[in-house]
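The values are calculated or read from the model by the stated rules, or taken from the named source; none is laboratory data. All figures in this text were calculated on a predicted structure; none of them were measured in a lab. In this analysis, Cβ positions are derived from the backbone assuming ideal geometry, glycine residues included, and neighbour counts consider all displayed protein chains.
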Amino acid sequence: MTQIVILNGNPRAGSRTATLAATLAAHLAPEPPRVIDLADAIAIGFGPDAVAPARPDPDAIEAVTAADLLIVATPSYKGTYTGLLKVFLDQFAAGSLTGVRAVPVAVAGSPAHAEATAADLLRLLRELGATVPSAVAVLESQLGDATAIAARHAARLTEELARV
């Protein structure tokens, strides 16, 4: 049994980014994934009042390090992955994801931002020790058909992940 974990870095819970990641996971393995939706699991405040996560996930770090397959999905904000995702991934030391196979999924409005965000996330995951054969870059305008996008990338990813 493969433990699949989806790490969704979109600051909006229930986003199209999360839907795409879940659809891709369904194409890659029959087991249901564990979903860590950072919009709910992390609270960041900029004012004087304390903030709390909507749905705390105290074992999220352990779930990520124990994953056989980690799908990290993010929209592109300002040309790179979200700050929410950065805050979470900064909790990991270099090499701490050794043994984890990962697929970065980046969604952006332009091809240049999609590719840049996917490449940045790929490099970050490799720095953390994950085995990352390649990334998925998707345009926001294509998100209407998550099934077609996932199917288009699944065969290539399945082949790449089998070799690592």
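Within the option set S134, S141, being at pLDDT below 95, part of a helix (DSSP H, G or I) and more than 12 Å from the chain's Cα centre (by Cα) holds for one residue only, S141.
Within the stretch 136-164, being within 21 Å of A63 (Cα to Cα) and surrounded by 13 or more Cβ atoms within 10 Å (Cβ to Cβ) holds for one residue alone: L161. Pairing residues of the stretch 146-164 that are in contact (Cβ under 8 Å) with a residue 24 or more places away in the chain and of a type in the set (S, T, N, Q) with residues that are exposed (fewer than 14 other Cβ atoms within 10 Å of the Cβ) and part of a helix (DSSP H, G or I), at Cβ distances under 9 Å and at least 6 apart in sequence or on separate chains, gives no pairs at all. Are any residues in the stretch 19-65 surrounded by 16 or more Cβ atoms within 10 Å (Cβ to Cβ), closer than 18 Å to T82 by Cα and either over 18 Å from the mean Cα position of the chain (by Cα) or of a type in the set (G, A, S) (or both), and if so, which ones? A21, A39, A41, A60, listed by residue number. Scanning the stretch 94-130 for residues that are polar (S, T, N, Q) and assigned to a helix (DSSP H, G or I) turns up just one, T117.
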